[in-house]
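Chemist: The structure that follows is given in the form of structure tokens.
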Amino acid sequence: MPVLPEDFVLMGEFGRAHGLNGEVRLKSYTADPVGIARYVPLLTRDGRSIEITDARPAPGSAPDLLVVRVKGVRNRDEAEALNRLALHVPRARLGEAAEEDEFFTADLVGLAVVDGAGTMLGTVTAVPNYGGGDLLEIRPEAGGPTALLPFTKAFVPGLDIPNRRIVVDPPEDLFAPPGPKPADAPG
């Protein structure tokens, strides 16, 4: 399977088919969820170009979930074949952030992570969001497994994208290996 260049940005991911006429659910990662349809073409890891021809909010309360139509997809089976397919665009197509204090989370990947004294702690490898807010996944400078740090003012008091660094105030145990579970802990 071809691998997209590092400068490609994840824009959304298809879910299950919606109905019988070729519509499919889509989780959009764009600021305006329906705005994902303006990015033409969207690209997949296997080299396909995808064009969304219609997008609307999905039923329910999740604002980032859409029901979309895709050019060339005419029935449920074709829509179901898109399930879990991720959609990307080259970073250059996103342009620049509109405001001085705005940025794309994709621009944080690769930045150096330093503490308040300027000591190099590691490098940002990803900016996941598992539903509770953005996190910085940091690969430690000394090696070892990555650690997650909440991307909040309390933990990230300084962001200097032009100089490619993030100043953090990490907990002392940020890179500590997980300790043993207490004997009475479930699981």
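The values are calculated or read from the model by the stated rules, or taken from the named source; none is laboratory data. Everything quoted here is computed from the prediction, not taken from an experiment. With ideal geometry, Cβ positions are generated from the backbone for all residues, glycine too; neighbour counts draw on all protein chains shown.
Chemist: Find all pairs meeting these conditions: Cβ atoms under 6 angstrom apart; at least six residues apart or on different chains; first residue within the range 16-36 and under 13 Å from Leu87 (Cβ atoms); second residue part of a loop (DSSP other than H, G, I, E, B) and polar (S, T, N, Q).
Modeler: Close Cβ pairs satisfying both conditions: Ile36/Thr30.
Chemist: Count, please, the residues in the range 1-54 that happen to be surrounded by fewer than 18 Cβ atoms within 10 Å (Cβ to Cβ), modelled with pLDDT of 95 or more and basic (Lys, Arg).
Modeler: 1
Chemist: Follow-up question, since we're still on this one. Taking the range 147-170 as the region of interest, how many residues are loosely packed, with under 11 Cβ neighbours inside 10 Å and more than 17 Å from Val109 (Cβ to Cβ)?
Modeler: Taking the range 147-170 as the starting set, the residues that turn out to be loosely packed, with under 11 Cβ neighbours inside 10 Å are 153-154, 162-163.
Now drop any that are not more than 17 Å from Val109 (Cβ to Cβ), which leaves 153-154.
Qualifying residue count for the region: 2.
Chemist: Could you count how many residues in the range 45-61 are closer than 18 Å to Arg84 by Cα and among the small types (Gly, Ala, Ser)? Outline the logic, then answer.
Modeler: Of the range 45-61, the ones closer than 18 Å to Arg84 by Cα are 45-52, 55, 58.
From the residues that got through so far, the ones that are among the small types (Gly, Ala, Ser) too are 47, 49, 55, 58.
The qualifying residues number 4.
Chemist: So, in the range 147-173, how many residues would count as being over 16 Å from the mean Cα position of the chain (by Cα), part of a loop (DSSP other than H, G, I, E, B) and at negative phi? Break it down into steps so the answer makes sense when it comes.
Modeler: Looking only at the range 147-173, we keep the residues that are over 16 Å from the mean Cα position of the chain (by Cα), and these are 147, 152-173.
Narrowing further to those that are part of a loop (DSSP other than H, G, I, E, B): 152-157, 161-164, 168-173.
Restricting the remaining residues to those that are at negative phi gives 152-157, 161-163, 168-173.
Residues in the range 147-173 being over 16 Å from the mean Cα position of the chain (by Cα), part of a loop (DSSP other than H, G, I, E, B) and at negative phi: 15 in total.
Chemist: Follow-up. Filter the range 109-138 down to the residues that are of a type in the set (D, E, K, R) and either in contact with a Leu (Cβ under 8 Å, 6 or more places away or on another chain) or at pLDDT 95 or above (or both), then identify the one that is nearest to Val168 (Cα to Cα).
Modeler: Step one: list which residues in the range 109-138 are of a type in the set (D, E, K, R), which gives 115, 134, 137.
Adding the requirement that they be either in contact with a Leu (Cβ under 8 Å, 6 or more places away or on another chain) or at pLDDT 95 or above (or both) leaves 115, 137.
On the way: Asp115: 5, Glu137: 12 Å.
Restricting to residues being of a type in the set (D, E, K, R) and either in contact with a Leu (Cβ under 8 Å, 6 or more places away or on another chain) or at pLDDT 95 or above (or both), the top hit is Asp115.
Chemist: A further question on this structure: Residues Gly133, Gly110, Gly144, Gly95: which one is free of Cβ contacts under 8 Å to residues at least 12 places away in the same chain and either at positive phi or surrounded by 13 or more Cβ atoms within 10 Å (Cβ to Cβ) (or both)? Steps first, answer last, please.
Modeler: On the way: Gly133 fails: free of Cβ contacts under 8 Å to residues at least 12 places away in the same chain; Gly110 fails: free of Cβ contacts under 8 Å to residues at least 12 places away in the same chain; Gly144 fails: free of Cβ contacts under 8 Å to residues at least 12 places away in the same chain.
After applying the criteria, what remains is Gly95.
Chemist: Would you point out the residue of the range 29-61, among those that are in contact with a Pro (Cβ under 9 Å, 6 or more places away or on another chain) and among the small types (Gly, Ala, Ser), that is farthest from Asp7 (Cα to Cα)?
Modeler: Checking each candidate, the answer is Ala55.
Chemist: While we're here: Kindly indicate whether Val124 is β-branched (Val, Ile, Thr), in contact (Cβ under 8 Å) with a residue 40 or more places away in the chain and in a loop (DSSP other than H, G, I, E, B). Let's see the steps before the verdict.
Modeler: Working: β-branched (Val, Ile, Thr): yes; in contact (Cβ under 8 Å) with a residue 40 or more places away in the chain: yes; in a loop (DSSP other than H, G, I, E, B): no.
It is false that Val124 is β-branched (Val, Ile, Thr), in contact (Cβ under 8 Å) with a residue 40 or more places away in the chain and in a loop (DSSP other than H, G, I, E, B).
Chemist: Now for a separate question. For the list (1) in contact with a helix residue (DSSP H, G or I) (Cβ under 9 Å, 6 or more places away or on another chain); (2) without any contact (Cβ under 8 Å) to a residue 40 or more places away in the chain; (3) not assigned by TED's automatic domain parsing to the domain that holds Arg25, I need the number of the one condition that Ile138 fails.
Modeler: Looking at each condition in turn, Ile138 falls short on (1).
Chemist: What's the number of the condition Arg139 fails, among (1) in a strand (DSSP E or B); (2) at positive phi?
Modeler: It is condition (2) that Arg139 fails.
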